[in-house]
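As structure tokens, the structure follows; a few thoughts come after it.
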Amino acid sequence: MPKVKVCVLRTAGTNCDKETAFAFRKAGSEPESVHINSLIRAEKKLEDFQVLALPGGFSYGDDLGAGKILANELRCRLAEDVRRFIKDGKLVIGICNGFQILVKAGILPGTRPYRIGRCVPLHRNSELKQEASLIINDSGKFEDRWVYLKSPQNKCVWTKCLPEVIYLPVAHGEGKFVTGDKKVLARLKRNKQIVFQYCDEKGALSGYPHNPNGSIENIAGICDETGRILGLMPHPERHVYGEQHPRWAGERLRAAGDGLTIIRNGVEYAQKTLL
Amino acid sequence: MLYEIEIKDKPETFDAIAEGIKKDILDLGIKSARDVSFMQVYILEGDLSEAQAERISDELLVDKISQSYSINGGKKGAGKDEFVVEVAYNPGVMDPVEESTLKAIRDLGIEEDLCVKTAKKYIIKGKLSARQLKTICEKLLYNKLIQHVVRHDELSLRAPHLLRYCEPRRGEAIPFFNPDYLFQLITVELLRASDKKLLEISKKGQLFLNLPEMRAIKNYFYGLKRNPTDCELETIAQTWSEHCWHKTFRGKIDYSEKLLKTKIGTVPLGMSPFLTKPGKTRLIDNLLKSTIMRVTKELNKPWCVSVFKDNSGVIRFDHKYNICFKVETHNHPSALEPFGGANTGIGGVIRDSLGTGLGAKPVLNTDVFCFARPDYPFNKLPAGTLHPKRIMKGVVSGVRDYGNKMGIPTLNGAILFHDRFVGNPLVYCGTVGIMPKDKCFKKTNIGDLIVVVGGKTGRDGIHGATFSSGELTQKSEIISSGAVQIGNPIQEKKMLDTILQARDKNLYSAITDCGAGGLSSAVGEMAASLGAEVGLDTVPLKYQGLSYMEIWISESQERMVLSVPKENIDELIKLFNLEDVEAVVIGEFTDTGRLKLFYKDNLVCDLDMRFLHEGLPKLAKKAAYIQPRHQEPKVRHSKDLTKYLLRILSQYDICSKEWVIRQYDHEVQGGSVLKPLVGVMNDGPSDASVCRPILDSKKGIIVSNGINFRYGFIDHYWMAASCIDEALRQIIAVGGSLKEVAILDNFCWGNPDKPDRLGSLVRAAYGCYDTAKAFGVPFISGKDSLYNEYTVKGKSLSIPGTLLISAISVMDDIHKTISMYAKQAGDSLYVVGDSYNELGGSHYYDLFRFTGNRVPKVYPKKAKLIFGALSRASSKGLIKAMHDCSEGGIGVAAAEMAFSGDLGAEIFLSEVPYARNDFTRDDFVLFSESNSRFIVEVENSHRKEFEKALKGLPFGLIGSVKDKKDFKVHGLDGNICIKIKIGALKEAWQKPLRW
């Protein structure tokens, strides 16, 4: 059986590409690390992949705001390819910096541009509107900590069969999810696009430090209207093995980490629908 | 046209930056600042239309959801009680944002000639005096070494001012002096110089060379019948600097000592703390070879792959990979510009890993700092120094910025405080790297091309190597400003990504980093046994105007030098090009034994490699150690020790460093197995860290550190021994063994030209030798940073001699990892290892402002047995939790275990194994800092087997873990001497640095 091919996109400052690729390989797919210049120079083609993964890091140093410059580059130089990729029913995941990129490029929540069967050219700026943002944490600083997450009822294909509360690390300075206007938030809720919310160990929504950055409605991750594009601040690729759990040496060694389930969901969905 | 674009948060957005500044202003004692707001400013200059500027602002610079912008709207005057402070970088200071902004503008399709500058604008509201405003600016908002406050009259002049130092095409700043460089060969008159003149030349040129060295240079050129060029003189000064050559450690030392015999007492087996016979001196030829390197040579471990030769020490990891470890210091730059100093410090040590063998991939960072205490009174600060809290915040941010952006987890560290670090903070940065076994050695070949890769060369960092080989003074910040830099981690990250690909394609034969001394030391080192020719005009520059000499010695960051066989050059350059990293051929390695430098066909340097690397005269320095006699402490024995335990937990050295640790990414790369923060709430202090560099392997790396300058107040020999013991017992505490442990030394000392400073350094080095030898643990790499003194008004302030021992060990199976927090109520608690009346230099004595004289010693023979037994017990799964006893002794260790596990504990001091004859007080047993001790939690069903494993060794069943969240200690007479809720202990421990 052919394997799902994953494009792990990287550029200057991407730094979670190796472990992201590792997690995808562990989940049974075939990841390839691809520099954005290879796509721009058409040495590699996005259409050869079924999943696009935007890993964490500090693309271009996060100068001008986290993810901004790579978001701009995607919009300006690869819009056609990305648009077709999404229209073809393929999958996208943006983790941490990748989430920031998807949001700042207007790809998430992205209700307007990507209705199936109705493609709108991405490079037309009027059609690609940034509707939400990830801004500096309320604490004013970068923080690395493990967080509990719960999934409200949602349409995301990446979150099947997850336990009620999962445990993943966050590590960011700009992760506070905000929407410009209340209607966007209402739409996210109505369309079941809120995928992850920060909570306490029992699943109750809770303030700092459980909500590490002050995100509205404790939002940690969202998807697009199709459920195939997922963006989240926590790092699923950092909880693939039981030994990555901060208390495995004290509690018990779990067979696998919660993050692997998320990645595996994406791979299996792609396997079923795209191969 | 010139556009000034201001970006500010919308009113409904929470301005975290401004809130932070508001808090800092309050910390300064200024209460009248009502409100602060912050704006990011971009200045675009070039042939831009208004519509284009609008588009750039709208699509790129502003986050439309949370921010708004205005173009050229900022010239309005300030309101009443409103102060506008705009801070911009000084000309010539690298600002990475400029380059990436320009890249993004090009992505938008705007190709016009353009230059970008950035600035920060603060609006402070409130009734402030001019003096208060000045304080806020100088203490919080800018550092004059790299930034300036833009004056209002300057704003209107901005256009012509900017044009003066903008190069339109690339948009990079050019310093406004010396914009065009016209070649002129400069020679220095040495042949006819008197001794006085020689010293003057050394001093004026910041060469930091002494008279015999200057004479040796004069003699060399006398033989050539010509004067040196400035470039030749600089090359020699760089190569011979303390920083690059380690003259003190490699030179001759005439050592004498005067010990207070009564204080030494019994001498543990295997240790020889008397370095001379009474009244005699000892001549040491090469301290490094006599102590540190001697251990390694005598132990001759087969798993040591490459020691003391390369940029870091290399040991075996598994059948496919080796690992390397190096720790560097960046003290002088961090004293002047904490963010930039620490930033470039971590950047430098990462390049050490990348420059080891044919390049190792960095997998973890460590950092250890020493500062003056953060509440140091402002009015007592020596002139010219920054406040320690600002230094600490800056240093932490610098490490955070570089380490996180490089994607390397910061897994281990320590922070210590003492007011003697007020003029010279210590910043140790370490990196562990991993590389395939066949990539551990390099060899430069004749005919290989010299290729410089990474960042461009600018006027930054000139004289860093020689500058760090002298003492700091009040004026250092002015004369040495060139030594201060800010790093560009993204530049280094892409360089790293590309180098590792080139390595795996075997495209180059040798690599080294451009650190202190720049190209001068990198090329000089690589060509040492060959020869080299370099065309300095081919080196890519940040801006025009650098002289040939500046190009040669500039220490611009993020550069490496490769030796590339000619047939690979095209492929190599293509690869670097794809990743947007510059790679340029600047010369060739030759077989001439000469270092020849050209600038546009003019020969500007022609030196014999042999003279350069062997011509340094070996000098004998005097070292005299006189052991101080401290007052014997008189501490009243209290029945209730609760308040002392609370106070010790709140000592800055001991309290939680969570505020710092959380700012470092310790999860990136996915390899962290035992994290720096552990426990039920993930906030307890881990003894060491365990990392798994290959994600699908069971093998791990343990990293730990030992440092305690306080014991040096009594005797540096035992201080060194204790540091080694601490680093090793932390490895044991997390489930490791002594089987394959390697250590690194980093000596930070005062001026070694002063006999007392050098005397204590010698004692520490011999302490290292004896202890490491007895434990069977080799040194694989090290570094010294001397001259950590600060002179103000003729008075010299030295740091306490401080040794950092970093340990690294390979763990066969990470599943044997043990964490330090209490796991289960009912489990038994043991103390393993003997306690002695050794409170000299302890935190308990420090509470009463005493130092004492009974410094903790190391009994390596017994310690080795204890370490071995505990390793076996942990590999058998008999141990549930283990914590090493260090600062604060049993009291602190037991308290930390309890509150990190969110459980209570009850312990009985009468069961602690201790030397009963001189040791009959609860407080001494509880707070003594004797070495080689652990607290171990054992499940009751394993007690028998555990005790069997420790047969014949000192251990005591001191109590148990409790469900009820009380921490109870029974004194030697059985009465309760401590009773308190664990919540209160934790609060005392967390509060001091919860910023």
Among residues belonging to segment A:196-234 that are farther than 20 Å from residue A:132 by Cβ and either without any contact (Cβ under 8 Å) to a residue 40 or more places away in the chain or touching a Gly at 6+ places or on another chain (Cβ under 8 Å) (or both), point out the one that is nearest to the other protein chains (Cβ to nearest Cβ). A:208
Starting from segment B:969-995, take each residue that is surrounded by 15 or more Cβ atoms within 10 Å (Cβ to Cβ) and list its partners that are among the acidic types (Asp, Glu), counting only C-beta distances under 6 angstrom and pairs at least six apart or across chains. B:971/B:922; B:972/B:922; B:977/B:922
Could you grab me the full set of residues in segment B:786-826 that are within 14 Å of chain A (Cβ to nearest Cβ) and either surrounded by 24 or more Cβ atoms within 10 Å (Cβ to Cβ) or part of a helix (DSSP H, G or I) (or both)? B:811, B:814, B:815, B:816, B:818, B:819, B:820, B:821, B:822
Enumeration of residues in segment B:198-220 that are more than 15 Å from residue B:240 (Cα to Cα) and at pLDDT 90 or above: B:198, B:199, B:200, B:201, B:219
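Being in contact with a helix residue (DSSP H, G or I) (Cβ under 8 Å, 6 or more places away or on another chain) and surrounded by fewer than 19 Cβ atoms within 10 Å (Cβ to Cβ) is the filter here, so list the residues in segment B:190-200 that pass it.
Start the filter on segment B:190-200 by keeping residues that are in contact with a helix residue (DSSP H, G or I) (Cβ under 8 Å, 6 or more places away or on another chain), which leaves B:190-191, B:193, B:195, B:198-199.
Within segment B:190-200, B:191, B:193, B:195, B:199 qualify.
For a quick check of your reading: which strands (runs of 3 or more DSSP E) sit entirely within segment B:601-682 and have at least 1 residues that are at pLDDT 95 or above and under 30 Å from residue A:24 (Cα atoms)?
Numbers: elements: B:602-608, B:620-626, B:672-674.
Once the strands (runs of 3 or more DSSP E) in segment B:601-682 are filtered for at least 1 residues that are at pLDDT 95 or above and under 30 Å from residue A:24 (Cα atoms), what remains is B:672-674.
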Among the candidates B:696, B:683, B:665, single out the residue that is without any contact (Cβ under 8 Å) to a residue 60 or more places away in the chain and within 14 Å of chain A (Cβ to nearest Cβ). B:696
Look at segment B:213-252 and say how many of its residues are in contact with a Leu (Cβ under 8 Å, 6 or more places away or on another chain) and closer than 23 Å to residue B:762 by Cα. 10
Restricting the search to segment B:243-256, which residues are under 18 Å from residue B:291 (Cβ atoms) and buried (at least 23 other Cβ atoms within 10 Å of the Cβ)? B:248, B:249, B:253, B:255
When residue A:217 is evaluated against the numbered criteria (1) out of contact with any Asp or Glu (no Cβ under 9 Å at 6 or more places or on another chain); (2) farther than 25 Å from residue A:184 by Cα; (3) part of a helix (DSSP H, G or I), which criterion, by number, is the only one it fails? (2)
Name the single residue that is surrounded by the fewest Cβ atoms within 10 Å (Cβ to Cβ) among those in segment B:8-42 being β-branched (Val, Ile, Thr) and within 35 Å of the chain's Cα centre (by Cα). B:17
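For segment A:147-157, indicate whether the set of residues that are part of a helix (DSSP H, G or I) and either more than 18 Å from the chain's Cα centre (by Cα) or at pLDDT 95 or above (or both) is non-empty.
No: zero hits.
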Counted residues in segment B:899-912 being away from chain A (no Cβ under 14 Å), under 11 Å from residue B:983 (Cα atoms) and not in a strand (DSSP E or B) come to 1
From the list B:461, B:447, B:407, B:423, pick out the single residue that is modelled with pLDDT of 95 or more and surrounded by 24 or more Cβ atoms within 10 Å (Cβ to Cβ). B:407
Determine, yes or no, whether residue B:892 is surrounded by 24 or more Cβ atoms within 10 Å (Cβ to Cβ), among the aliphatic types (A, V, I, L, M) and part of a loop (DSSP other than H, G, I, E, B). no
Filter segment B:683-714 down to the residues that are of a type in the set (D, E, K, R) and part of a loop (DSSP other than H, G, I, E, B), then identify the one that is farthest from residue B:808 (Cα to Cα). B:683
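Suppose we filter segment A:149-174 for residues that are within 12 Å of chain B (Cβ to nearest Cβ) and not β-branched (Val, Ile, Thr); how many remain?
Just the residues of segment A:149-174 that are within 12 Å of chain B (Cβ to nearest Cβ), to begin with: A:167-174.
If we keep only those that are not β-branched (Val, Ile, Thr) too, we end up with A:167-169, A:171-174.
Adding up the residues that qualify gives 7.
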Exactly one of B:416, B:411 is within 14 Å of chain A (Cβ to nearest Cβ), touching a residue at least 60 places away in the same chain (Cβ under 8 Å) and either within 29 Å of residue B:886 (Cα to Cα) or not in a strand (DSSP E or B) (or both), and that one is B:411
Hey, does segment A:259-272 have a residue that's in a helix (DSSP H, G or I) and aromatic (Phe, Trp, Tyr)? yes
If you go through segment B:10-20 one residue at a time, do you hit one that is more than 27 Å from residue A:216 (Cα to Cα) and either within 14 Å of chain A (Cβ to nearest Cβ) or part of a loop (DSSP other than H, G, I, E, B) (or both)? no
Just to verify a result, which residue in segment B:580-594, among those that are in a strand (DSSP E or B) and touching a helix residue (DSSP H, G or I) at 6+ places or on another chain (Cβ under 6 Å), is surrounded by the fewest Cβ atoms within 10 Å (Cβ to Cβ)? B:586
Where in segment A:1-107 are there helices (runs of 4 or more DSSP H), lying wholly inside it, with at least 1 residues that are of a type in the set (Val, Ile, Thr) and out of contact with any strand residue (DSSP E or B) (no Cβ under 7 Å at 6 or more places or on another chain)? A:36-40, A:68-77, A:79-87
Of those in segment B:827-837 that are among the hydroxyl-bearing types (Ser, Thr, Tyr) and over 20 Å from residue B:900 (Cβ atoms), the residue surrounded by the most Cβ atoms within 10 Å (Cβ to Cβ) is B:835
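Yes/no per residue for (1) more than 20 Å from residue B:738 (Cβ to Cβ); (2) at pLDDT below 95; (3) hydroxyl-bearing (Ser, Thr, Tyr); (4) assigned to a strand (DSSP E or B):
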{"residue": "B:273", "(1), (2), (3), (4)": "yes, yes, no, no"}
{"residue": "B:293", "(1), (2), (3), (4)": "yes, no, no, no"}
{"residue": "B:296", "(1), (2), (3), (4)": "no, no, yes, no"}
{"residue": "B:302", "(1), (2), (3), (4)": "no, no, no, no"}
{"residue": "B:334", "(1), (2), (3), (4)": "yes, yes, yes, no"}
{"residue": "B:339", "(1), (2), (3), (4)": "yes, yes, no, no"}
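Here are some residues: B:777, B:741, B:762. Which one is under 18 Å from residue B:624 (Cβ atoms), in contact with a strand residue (DSSP E or B) (Cβ under 6 Å, 6 or more places away or on another chain) and at pLDDT 95 or above?
Details: B:777 fails: under 18 Å from residue B:624 (Cβ atoms); B:741 fails: under 18 Å from residue B:624 (Cβ atoms).
B:762 is the lone residue from the list that is under 18 Å from residue B:624 (Cβ atoms), in contact with a strand residue (DSSP E or B) (Cβ under 6 Å, 6 or more places away or on another chain) and at pLDDT 95 or above.
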Among the numbered criteria (1) over 23 Å from residue B:330 (Cα atoms); (2) buried (at least 24 other Cβ atoms within 10 Å of the Cβ); (3) of a type outside the set (A, V, I, L, M), which single criterion is violated by residue B:737? (2)
Can residue B:70 be described as surrounded by fewer than 20 Cβ atoms within 10 Å (Cβ to Cβ), more than 9 Å from every other protein chain (Cβ to nearest Cβ), out of contact with any helix residue (DSSP H, G or I) (no Cβ under 6 Å at 6 or more places or on another chain) and closer than 25 Å to residue A:103 by Cβ? yes
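The values are calculated or read from the model by the stated rules, or taken from the named source; none is laboratory data. Keep in mind that this is a model prediction, so the values were computed, not measured. Note that each Cβ is placed from the backbone with ideal geometry, even for glycine, and that neighbours are counted across all protein chains shown.
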